[in-house]
1. Restricting attention to strands (runs of 3 or more DSSP E) lying wholly within the stretch 164-203, give those where 3 or more residues are surrounded by 22 or more Cβ atoms within 10 Å (Cβ to Cβ) and not hydroxyl-bearing (Ser, Thr, Tyr).
2. So which residues in the stretch 85-98 are among the hydrophobic types (A, V, I, L, M, F, W, C) and closer than 15 Å to Ala128 by Cβ, if there are any at all?
3. Suppose the filter is buried (at least 23 other Cβ atoms within 10 Å of the Cβ), assigned to a loop (DSSP other than H, G, I, E, B) and either touching a residue at least 40 places away in the same chain (Cβ under 8 Å) or under 17 Å from the mean Cα position of the chain (by Cα) (or both); does Ala111 pass it?
4. Counting only residues that are at pLDDT 90 or above and under 23 Å from Ser100 (Cα atoms), which one in the stretch 283-313 is surrounded by the fewest Cβ atoms within 10 Å (Cβ to Cβ)?
5. Which one is farthest from Thr207 (Cα to Cα), of the residues in the stretch 128-147 that are touching a Gly at 6+ places or on another chain (Cβ under 7 Å) and either assigned to a strand (DSSP E or B) or acidic (Asp, Glu) (or both)?
6. May I ask you to verify whether Leu208 is surrounded by 23 or more Cβ atoms within 10 Å (Cβ to Cβ), out of contact with any Pro (no Cβ under 8 Å at 6 or more places or on another chain) and in a strand (DSSP E or B)?
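The values are calculated or read from the model by the stated rules, or taken from the named source; none is laboratory data. It should be emphasised that the depicted structure is a prediction, and the values quoted were computed from it without experimental measurement. Note that each Cβ is placed from the backbone with ideal geometry, even for glycine, and that neighbours are counted across all protein chains shown.
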Amino acid sequence: MKKVFWVAVLFVMCVATSYGQYNGECWVVSGGDTVYKLHANGNADPTVIPDLTQASAAEVNPANGVAWIAISAANAVFRFDQSTGEFTQAPAIERPNMISVNPADGTVWVAWLNGVLKLSSDGKQILAQVFPADYNPERPNVETGRFNVAVNPKDGSCWVTDARGPINRYDANGTLIATGPVMQEPKAGIAVDYEGNAWVADSQFSTLLRVSATGQELVKITTISSPTSPRINPKDGSVWVVSSQSMLVNLSADGTKVSEFAAGMAVVGISLSPADNGIWVADMLGATFTGEVSKFSTNGTKLFANPIPQPSSVSAGFWEGN
């Protein structure tokens, strides 16, 4: 089972929290075949996990260090408790591609081929399922990566985006409670703050939208080129977003631009650590054109860069616990 787990993790996973052994650590998947661990200061840990292949998502619960891994090709999601080494496989889920962990209760929302579902904290039960309006079990969807999900740990609700346009908010039981504006292709990332407001990115049509918990359009920005990977500071509702795979843009909650600076050559994902205000960046090219993982301060100072070949994304775990 352990072999199955390490085969699963396919991308950069940053764990930047204020809890024990996860205090600022960054797990990096290199080239889809090797996992390294970076400390908060960028130094590499001696632990190296080689010989990996193909997975689609991995997220860590910052409250307890439990890792969740989606293996799209194997139609599987695994729960891995790093403190005990225990693995649990969730019920079969077709083409899982995105995971959002609720650290308040340990439950997990998973975006899959035909919608989004919620798993129990032990990974053994499906607690809720959300299907799009056009779902037809006789004619299943074939568009992998169509859905995206972000959960609000304050109340367990989640926002779900559909690459075909709809943006909906559901309560902890999967009941629809709000509908946001329809976008053209909202598949470049979604993030939610503790009040239930969401930032949604449409890279194809260069649109970044902030939606209230009740579905009202709060901010619409069309001046940021190809926005991707929005990451909210849950303390104040501000957001960081990647523009044109090279610039990092910081916006206040009302959409006012606070700062902007160059962060790489082919940035494919960022991750915000409100604990120290650091921004982890996965750059497929970097200074050596082979890839690097770097960390920036909010004023644009590059704190360090580690030459990690072809990092594919970063995911920070942060939870105040109240």
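1. 190-192, 198-202
2. Once the filter is applied, which keeps residues that are among the hydrophobic types (A, V, I, L, M, F, W, C) and closer than 15 Å to Ala128 by Cβ, the stretch 85-98 yields Ala90, Ile93.
3. So Ala111 fails the test.
4. Taking the candidates together, the pick is Asp283.
5. The residue in question is Ala128.
6. no
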